[in-house]
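The values are calculated or read from the model by the stated rules, or taken from the named source; none is laboratory data. It should be emphasised that the depicted structure is a prediction, and the values quoted were computed from it without experimental measurement. Reconstructed Cβ throughout: ideal geometry from the backbone, glycine too, with neighbour counts over all protein chains shown. The protein model used for the area step is the full one, side chains on, heavy atoms only, and it has no ligands, DNA or RNA in it. Shrake-Rupley method; radii C 1.70, N 1.55, O 1.52, S 1.80 Å.
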Amino acid sequence: MLGEEEELSVSIAHIVQKLKGSALHCQLEKEARKCLLSTDIKLETLKEDIREFLKSSGWEKKLQNAVYRELTVLPAPCHPAAPAEHIKEPLAYMRRAQASWEKRVLKSLNSMCTELNIPLARKRPAEEQKELLNKWNEMGTEEPDLTLFRPVYAPKDFLEVLINLRNPNYDTDQTSFRANLGLIQVPLKMKDIPELREFFGELNLNTGQLGVDDSTPVPPEMFENEHLRIGKKILEEHDSAAAQQYVRQGCPTALRAELWALILNISDQPEDILYYEQLKSNVIQHDLLSDSLIYKDVKLTASNDDYYFVFEDYLYQVLLCFSRDTSVLEHFAYNSATPPKSYIRGKLGVEEFAVVYPPNGVIPFHGFSMYVAPLCFLYPEPARLYQVFREMYVRFFFRLHSISSHISGIMSLCLLFENLLQTHLPQLFYHLREIGAQPLRISFKWMVRAFSGYLATDQLLLLWDRILGYNSLEILAVLAAAVFAFRAMNLMEVTSLAAAEAVLADISTLKVMPLLQIFLFATVT
């Protein structure tokens, strides 16, 4: 283990390395050189004067936000001698399980490619490029024949892999009776209710919340007006850390887009728009097999959703550009997954001819487009929408479809959900288990999509406020358990999995914040 000082120096070295050569670093150097021409800069106090100039001109705040962003995504410091694979995932059996799952997914993709006799990638003819460019803003009107294409996998396939995962060093026969009741049989450290109450302290019943205090007959001057004023002040100060703390109590609708962009350190720089246009150009020039998977997924999910069908064109634009974005590959440094590789035709198995496929290293699965859909309500400009989605993905969403021991990983969320139900609703858990309706089989699809497509959009955005505020996905497991608690009386009467699924088929009328508050802070333990 590293000492506190060693941890700090490792983190500082990592952040300095990451920011060197970045656009911000170039801009800071440029501004520092420019300020040398000022008469206020004295040679004797050069360092202090430049610092003061950067502070007064707002560049110090931009640097702080960039550092804060790196701290937020930085994996826990490891020993300097630790291999890279330990940073990605410290448990060997988890790494093996993830590698095995990746082989299965890639095999599914390759078999589809062979069956349909379609190349993984091809250059579009000039006429096709022109046609796609003309239809870029109305791709939803296209009706390509996708009947032969199928999603590479669905959440239920992934759940089966998680259920069958075991720690080879752990004797399950010697564990407690309670632990064996659930589907997940992997021992991981979870928070209990007292620890969750402490972690989600700002959600307590005595603290004002958007999602509660703005939807009850409480005069707005008691909480809402002041909360809005503070939000505007934070935007003026341009402080990422303050914004993250602020959204724990929810975002006012009018400020949400700007506050989320601030937390995620999204800037409106011309080079960001240019980068998006380059990705668009790549989409126009080359056709990938994964494009058809994206089309199919949007048609199967968002296009049939009452809230999101109007954003079909946006979804195609963002997801097709995302599949070409090689900057996404950077997140594999702290993701247990490894980007899949394919080989140039005729060079199978020759490592120097291996290329990451798709270029961003992420194979879309059934429901993937639902990570983007809610963001369309906030960002009308495709370039900004794209930046926010990419940052949300590399911070949070990738953890929902990769096998890892991380506290926000899908495996931990499943275990936390089952632990909460077994501890606080033991009769319900036992009843559902006895009738063959394991609760996780119902709630998994909610968690793997971060509840997108299941909650009303206003409620979903309130939930995602808290994900950003706490920099954690654990709230998904808490909400899933809270939904079961809310419908417990109905669920105690069902006698089959189909009946249990029917009781929980529509959760779009539920209010997120009251459910979370009651489950965390009004449940007797």
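Per DSSP helix of 4 or more residues, -39500 (n - 2.57); summed, then divided by the residues of the chain. What does that give at 222 nm, rounded to the nearest 500?
-16000 deg cm²/dmol
Mind ordering 452-462, 140-150, 423-433 by average Cβ neighbours within 10 Å, highest first?
The densest-packed peptide leads the list: 452-462, 423-433, 140-150.
Counting heavy atoms of the protein chains only and a 1.4 Å probe, report the per residue accessible area for the range 215-335 as a whole number of Å².
Ligands and nucleic acids excluded, the figure is 44 Å² per residue.
Which ³J(HN,Hα) values, rounded to whole Hz and listed in residue order, are derived for the range 105-118 from phi using the Karplus coefficients 6.51, -1.76 and 1.60 in 6.51 cos²θ - 1.76 cosθ + 1.60 with θ = phi - 60°, glycine and proline given as x?
Result, ordered by residue: 5, 5, 4, 4, 5, 5, 5, 5, 4, 5, 4, 8, 6, 10 Hz.
Round to a whole number: what % of the accessible area of the chain belongs to carbon and sulfur, probe 1.4 Å?
55
With labels modelled as points extended 7 Å from the Cα through the Cβ direction, what inter-label distance (nm, one decimal) is found for GLU142 paired with ARG96?
The two pseudo-label positions are separated by 4.3 nm.
What figure in square angstrom, to the nearest 10, would you give for the accessible area of LYS130 with a 1.4 Å probe?
130
How far apart, in nm, are two points set 7 Å out from the Cα along the Cα-to-Cβ line at ALA82 and at ILE230?
Going by the 7 Å Cα→Cβ label model, 3.5 nm.
To the nearest 0.05, what FRET efficiency results for LYS135 and GLU381 with a Förster distance of 25 Å applied to their C-beta separation?
Efficiency, rounded to the nearest 0.05: 0.80.
So if I place +1 on the C-beta of Lys and Arg and -1 on the C-beta of Asp and Glu, and nothing else carries charge, what would the dipole magnitude of the chain be about its Cα centre? I want it in debye, nearest 20.
1140
Quick check: convex hull of the Cα atoms in the chain, volume per residue, rounded to a whole Å³?
197
Only Cα pairs under 8 Å and at least 6 apart count here; give the relative contact order of the chain as a rounded whole percent.
Averaging sequence separation for qualifying contacts and normalising by length gives 19 percent for the chain.
Placing +1 on the Cβ of each Lys and Arg and -1 on the Cβ of each Asp and Glu in the chain, which of ASN304, SER108, LEU255 has its Cα farthest towards the positive end of the resulting dipole?
SER108
What figure in square angstrom, to the nearest 10, would you give for the accessible area of ILE273 with a 1.4 Å probe?
Its heavy atoms expose roughly 90 Å² to the probe.
Highest mean first, how do 316-325, 238-247 rank when packing is the count of other Cβ atoms within 10 Å averaged over residues?
Result, highest mean first: 316-325, 238-247.
Starting from 0.36 nm per residue, how many nanometres of slack lie between VAL73 and MET489 once their C-alpha separation is accounted for?
145.7 nm
Ordered by residue, what ³J(HN,Hα) values in Hz, to whole numbers, does the range 502-513 give under the Karplus form 6.51 cos²θ - 1.76 cosθ + 1.60, where θ = phi - 60° and Gly and Pro are x?
Along the range 502-513, the couplings run 5, 4, 10, 5, 10, 10, 6, 8, 6, 9, 5, 5 Hz.
Assuming R0 = 30 Å, can you tell me the calculated FRET efficiency for the pair ASN164 and GLN27, based on Cβ-Cβ distance, to the nearest 0.05?
The computed FRET efficiency comes out at 0.05.
Can you sort GLU434, GLU236, GLU31 by solvent-accessible area, 1.4 Å probe, largest first?
GLU236, GLU434, GLU31
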